[in-house]
2 protein chains.
Amino acid sequence: MKDLQQKIRSFTDVSDSDREFALQFYKKEIFKKGTYLLQPGVFINTFYFIKKGCVSYYMIEEGNTQVMEFFTEGDFFTDLFAYIQETPSDAYLEVLEDTIAYTIYKKDVEKIFEHSHQLERFGRLSMQKAFINNFQRVFQLKNLSNQERYVRLLERRPSLFQRVPQYLIASYLGLTPVGLSKIRKRISTK
Amino acid sequence: MKDLQQKIRSFTDVSDSDREFALQFYKKEIFKKGTYLLQPGVFINTFYFIKKGCVSYYMIEEGNTQVMEFFTEGDFFTDLFAYIQETPSDAYLEVLEDTIAYTIYKKDVEKIFEHSHQLERFGRLSMQKAFINNFQRVFQLKNLSNQERYVRLLERRPSLFQRVPQYLIASYLGLTPVGLSKIRKRISTK
DNA sequence: GATTCTCATTAAACTGGTTTAATAAAAAGT
DNA sequence: ACTTTTTATTAAACCAGTTTAATGAGAATC
């Protein structure tokens, strides 16, 4: 759990004993490609940390798959919207590659935050991080063209294009596969 | 500061003494229409709570004003992105109506979170709220048509249309004024 | 090795927006 | 009250995407 320890440390200073307390609740799990960690209508009470692998977070709106996010190595994730609000999810979490993750139940996460002021702070800073990520998403969706968003994704997460089919990336960018293909062509011929 | 007290209470249980501790740092301020609370290049070290009035949060991208949010009565706000990251802002916070707000400095916010575990938790839950708001924004930008977003805004924040010029609402929705006008016409003639 | 399935590209017709510019109406300033 | 400024609508030309359908190429299955 070195990677998980390191991740926690990257947010804020937590004492060794606090970190030990937190880590005891995590358990390592392996998920096969094609597994659903979550489906619509279900309550989600698990938080995940990816050690190795890739998971997509998407919804189906009027028959169209809408990819909200891809999670990869080093990401903490869950359907945070349903998790926080404690409502049935509208989303899928689908394992795109064989994945190794550390998992923890919400009730244990709450025990951790309850355990000390420092760990509660870790919780606040984690939420800040989640906010920042999401804010950048809003910024890009609102203020950048589809082409600009494609180019940025290519720059910032190039490995995604190696491991995820293009039609899912198109959906993530808010495009159809045809639309993305056109953009790629436009770029390559100039 | 009844409204501010109530707002804090709505997040989590905080003892009377903790609440007193927090409230001491807020001061009431009045801002005239047209005032900028923030401009690009500046560090923001203030958090605001609106008692009465309206403030827009926008950026200028390639010459175009891009409204990210409107804040009104009962909203906690700042340029949370620049505030968290402690980087110079890219944004404006412009007072759209004469506004009464309670303001607090970041260093005092940090004192508050430091003061007790319960207040730290209040901080975490506030961040969760900010995340949820922003998540819904991503959802709508990605998965709804412009027309659907317009209709929803009309339903959910009808008073905005009374107090904010339409071209700013267009920008908030990710449209030009001409585009919004067309959508309004399309809806009214069916 | 042949077949099937999945995925990316292309073409053609279409659509919901944009840009630019003109007009009208309302609000603000003198 | 008159003028100026701000805001919303409309029209016309345009464009970046969509939808549908066909084609091709690679990977998986038998």
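A compact table of results
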quantity	calculated
Cα Rg, Dmax, the stretch A:144-190, angstrom units	9.9, 26
Computed FRET value (nearest 0.05) for A:Asp75 with B:Thr176, which takes r as the C-beta separation and R₀ as 51 Å	0.90
Kirkwood Rh, Cα atoms: Rg over Rh of chain A	1.00
Residue-normalised accessible area of the protein assembly as shown, expressed per residue, 1.4 Å probe, Å²	50
Overall Cα dimensions of the protein assembly as shown, principal axis frame, Å, largest first	58, 57, 39
Degrees between helix A:117-143 axis and first principal axis of chain A (Cα, 0 to 90, nearest 10)	10
Cα-based equivalent ellipsoid, the stretch B:2-115: semi-axes from gyration tensor eigenvalues, Å	26, 16, 11
Using a 7 Å Cα-to-Cβ projection, B:Lys182 label spacings across copies, nm, ascending	1.5
Positions from the stretch B:98-126 whose accessible area shrinks by 10 Å² or more when the full protein complex is built, not the chain alone, probe 1.4 Å	B:Phe113, B:Glu114, B:His117, B:Glu120, B:Arg121, B:Arg124
In the stretch A:8-98, the trypsin sites (Lys or Arg not before Pro) that fall in loop regions by DSSP, at most 16 other Cβ within 10 Å	A:Lys32, A:Lys33
Degrees separating the helix A:146-156 axis from the principal Cα axis of chain A, which is the longest one	50
Label-reachable residues, the stretch B:71-112, where backbone N falls under 11 Å from a point 7 Å from B:Val42's Cα toward its Cβ	B:89, B:91-95
Interface A:B - total buried accessible surface [probe 1.4 Å, Å², rounded to 100]	3700
Longest DSSP-loop-exposure-free segment, GluC sites (Glu not before Pro), chain A, at most 12 other Cβ within 10 Å	A:87-190
Label point 7 Å beyond Cα along the C-beta direction, distances from B:Gly63 to other copies (nm, shortest first)	4.1
Portion, in percent, of the accessible area of the protein assembly as shown that falls on carbon or sulfur, probe 1.4 Å	50
Stretch gain in nm, segment A:Lys7-A:Phe161, where the contour uses 0.36 nm per residue and the Cα spacing is subtracted	53.0 nm
Unsatisfied cross-links (Cα-Cα over 32 Å) in the set B:Lys2/B:Lys33; A:Lys111/B:Lys52; A:Lys7/B:Lys51; A:Lys129/A:Lys185; B:Lys32/B:Lys142; A:Lys182/B:Lys182	A:Lys111/B:Lys52; A:Lys7/B:Lys51; A:Lys129/A:Lys185; B:Lys32/B:Lys142
Helix A:2-11 vs. chain A, principal-axis angle (Cα, 0 to 90°, nearest 10)	90
Shortest-first nm distances, B:Arg156 label point to equivalent points in other copies (7 Å, Cα→Cβ)	2.3
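The values are calculated or read from the model by the stated rules, or taken from the named source; none is laboratory data. As the structure is a prediction and not an experimental result, all values here were calculated from the model. Because the Cβ atoms are built from the backbone with ideal geometry, glycine has one as well, and the counts that use them run over all protein chains shown. Side chains included, ligands, DNA and RNA excluded: accessible areas come from the protein's heavy atoms. Shrake-Rupley method; radii C 1.70, N 1.55, O 1.52, S 1.80 Å.
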